[in-house]
Amino acid sequence: MSTYIDQTLKDLKAKNADQPEFIQAAEEVLTTLAPVVDAHPEYQKNAILERIVEPERTIMFRVNWIDDTGAVRVNRGYRIQFNSAIGPYKGGLRFDPTVNLSVLKFLGFEQIFKNSLTTLPMGGAKGGSDFNPKVSPHTPGKRCSDGEVMRFCQSFMTELFRHIGPNTDVPAGDMNVGGREIGYLYGQYRKIVNEWNGVLTGKGLPFGGSLVRPEATGYGCIYFAENMLKTKKANFKGKVCAISGSGNVASFAAQKLVTLGAKVVTLSDRSGAIYAKSGLSLDDLKAVMELKTVKRGELSEIAKQLKGVKFFPGVNSWQIVDKVDCAFPCARQNELNGDDAAYLLKHGCKLVAEGANMPSTPDAVAAFLKAKILYAPGKAANAGGVATSGLEMSQNAEHLSWSAEEVDSKLRGIMAAIHDNAYAAAAKYGHKGNYVMGANIAGFVKVADAMVAQGVC
Ligand code: NDP
C-alpha cells in the first residue's frame, strides 16, 4: 500500500480513536486507492486524502421537546457537512439511539463517494439524532405518539434550518425518518424561512415529492444486482433471495425481486427474522409494509398471519436459510459478520448486494472477495435513493413533476451507469470484477479532481 495512504490512516486513527465506525469506513475506502494515488502525485501534493477524511463542518445541537405528559425531553442533533466539492451537501437524517459522531461520520464519508457515483452534482453529508421514535419516554412498551414525533421534528428543524438550503445542503430520510418525519421537518422549515424551496427530499407527493422516491433505494439495489448478473449472462428468475431488514429499503427490494420472478425467503427486524421456504408473496409483502409504516409493529406480531412463514426470535436473516442464491443486507451497519458470510457461501450464495450502508463487517467483505462472488458494496448498490433525491431536486427546481415511468427509467439508467463505471474502474486498475475497488476509485477520482481544481479551500 502507498506510504501516503498508510500515513493518512495512521493519523486518522490517532485523531479519531473513539470513532470505530468512521475508522472502519475510512480504512475500507483508503486501502483500495493505492493504484490511483500512485498514478496521481497531485493528490498527495494537494493533501487530498487528509482533506477528504476531515468534514468541512460538523454541527451539534440541543433538541428539547415536550412529551405527551408535559415533561421536557432533551436529545442531541447533528449535521455533518462532509464534502461539497462537486455539489451541495446531500445525505439523510437518521433518528436512532445508536446515532453518534462516529456513526454519522461513517455515513457522511460514504455518502461523498456514493453521491459522486450517481453522476449527479451532489456533495456528501449526513445528520440525525439519538432520538428514538420507537420507544416512548414515559410509557413502557409503547412508541412515541405522532404528536411527540412532530414536536421533536419541529424542534430539530428550529436549529437545523439555519445550516441548510436548496443550494447549500439538502437533507433526506434514513433509518426511522420516513414520509411522516420529512413532512413535519419540511413544514417547520417552510414556516421559519417563509419560502417554498424544496429543501428536503423524500417529501410527500402533494408538496414536491418525486414519484418512485420511496421505492428508489430498494429498486435501485435490485437494478444494480441485475446488471451484475448480466455480466454472467444470468437473471433473477427462480433465484432464492435472503433479505435482512423490513423497512423502506428491504421491503421495496423484496417487492422488486418478487416481480422479477425471484423467491424472497427472509426478512428481519429488531424482534427477529421470518423464513418462508417457498417464498413471500406480493400480498405478504404488502402486509409487512403496512405493519411497519402504518401499525409500526414488529415482525413477531405478523408471522402467524402469513402462510408458510416461520419466525425466529432475536436472529438475523442469514443463518436460517437452507439454500440461498443471493443475499441483500438492508437493515443496518455491521449486521453480517464473517460467520454469516461463511454460512451464506456454504449454502450456495453467489451474489451479495448491500441495500444498507456498510452492513458487512470487514471479515465478511474479505470472504466474499476471496470467494470471487458478485459482491456490491452499499455505496454503489444503494445509491438509487440519493440519485432519485437528486431527481426530486431537479423537478423542484423546474417546478415540474415527472411520471413514475420517467423517474423509474432514469433510476434504471443511473444504476446501470454506476455499475458500468465501477466495473470499468476496477478493470482499468487490474481488479476486474472487484466492485469494492471499482466503486471506491470511480467515486473518489471525481471528487479528488474537483478538489485539486478548486485549490486549497
Ligand atoms: P428503516 O428504518 O425503514 O428500516 C430499518 C430496518 O432495519 C428495520 O427493519 C429495522 O427493524 C432494522 N433494524 C434497525 N436496527 C436494527 C437492529 N439493531 N437489529 C435488527 N434490525 C434492525 O430504514 P431504511 O430501510 O431507510 O434504511 C436501512 C438501511 O439502508 C440503513 O443502513 C440506511 O442507512 C440505508 N439506506 C437507506 C436509504 C433510504 O433511502 N432509506 C438510502 C441508502 C441507504 P425495526 O423495524 O424493528 O426497527
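Just one of the numbered conditions (1) crowded, with 23+ Cβ neighbours inside 10 Å; (2) more than 16 Å from the ligand (Cβ to nearest atom); (3) assigned by TED's automatic domain parsing to the domain that holds Glu56 is not true of Leu185: (2).
Every residue, every condition in (1) away from the ligand (no atom under 16 Å from the Cβ); (2) of a type in the set (Gly, Ala, Ser); (3) surrounded by 20 or more Cβ atoms within 10 Å (Cβ to Cβ); (4) within 23 Å of Asn421 (Cβ to Cβ), yes or no:
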position: Thr69; (1), (2), (3), (4): yes, no, no, no
position: Gly91; (1), (2), (3), (4): no, yes, yes, yes
position: Lys105; (1), (2), (3), (4): no, no, yes, no
position: Phe109; (1), (2), (3), (4): no, no, yes, yes
position: Thr119; (1), (2), (3), (4): yes, no, no, yes
position: Met122; (1), (2), (3), (4): no, no, yes, yes
position: Gly127; (1), (2), (3), (4): no, yes, yes, no
position: Asp130; (1), (2), (3), (4): no, no, no, no
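When we screen Gly247, Gly209, Gly272 for residues that are within 18 Å of the chain's Cα centre (by Cα) and within 14 Å of the ligand (Cβ to nearest atom), the only hit is Gly247. Screening Cys349 with (1) touching a Phe, Trp or Tyr at 6+ places or on another chain (Cβ under 9 Å); (2) in a loop (DSSP other than H, G, I, E, B); (3) surrounded by fewer than 24 Cβ atoms within 10 Å (Cβ to Cβ) gives one miss only, at (3). Here's a check for you: in the range 351-363, which residue that is without any contact (Cβ under 8 Å) to a residue 60 or more places away in the chain and within 15 Å of the ligand (Cβ to nearest atom) is nearest to the chain's Cα centre (by Cα)? Checked the range 351-363; the qualifying residue nearest to the chain's Cα centre (by Cα) is Ser360.
Pick out the one residue from Leu344, Leu374 that is closer than 18 Å to Thr32 by Cβ and either of a type outside the set (Ser, Thr, Tyr) or within 9 Å of the ligand (Cβ to nearest atom) (or both).
Values: Leu344 fails: closer than 18 Å to Thr32 by Cβ.
Answer to the check: Leu374.
Checked against the criterion of being more than 13 Å from the ligand (Cβ to nearest atom), farther than 30 Å from Ala417 by Cα and among the basic types (Lys, Arg), the candidates Arg180, Arg143, Arg151 yield just one match: Arg151. With a requirement of 2 or more residues that are in contact (Cβ under 8 Å) with a residue 12 or more places away in the chain, farther than 27 Å from Gly348 by Cα and not basic (Lys, Arg), the helices (runs of 4 or more DSSP H) lying completely within the range 368-457 that satisfy it span 384-398, 404-428, 435-453. Residues in the range 138-161 that are closer than 14 Å to Gly127 by Cα and not acidic (Asp, Glu): Cys153, Phe156, Met157, Leu160, Phe161. Take the residues in the range 388-404 that are of a type in the set (Ser, Thr, Tyr) and more than 16 Å from the ligand (Cβ to nearest atom); name whichever of them is nearest to the chain's Cα centre (by Cα). So, considering only residues that are of a type in the set (Ser, Thr, Tyr) and more than 16 Å from the ligand (Cβ to nearest atom), the one nearest to the chain's Cα centre (by Cα) is Ser394. Of all residues in the range 196-204, at least one satisfies being at negative phi, modelled with pLDDT under 95, more than 14 Å from the ligand (Cβ to nearest atom) and not basic (Lys, Arg).
Can you tell me how many residues within the range 298-313 are within 12 Å of the ligand (Cβ to nearest atom) and surrounded by 16 or more Cβ atoms within 10 Å (Cβ to Cβ)? Total meeting the criteria: 4.
Filtered by the rule that a residue be crowded, with 23+ Cβ neighbours inside 10 Å and among the small types (Gly, Ala, Ser), the range 391-423 gives a lone residue, Ala422. Selection of the range 245-285 for residues being of a type in the set (Asp, Glu) and under 17 Å from Phe311 (Cα atoms) yields Asp269, Asp284.
The values are calculated or read from the model by the stated rules, or taken from the named source; none is laboratory data. Worth saying up front: this structure is predicted, and the values here are computed from it rather than measured. All Cβ positions, even for glycine, are placed from backbone atoms using ideal geometry, and neighbour counts span all protein chains on display.
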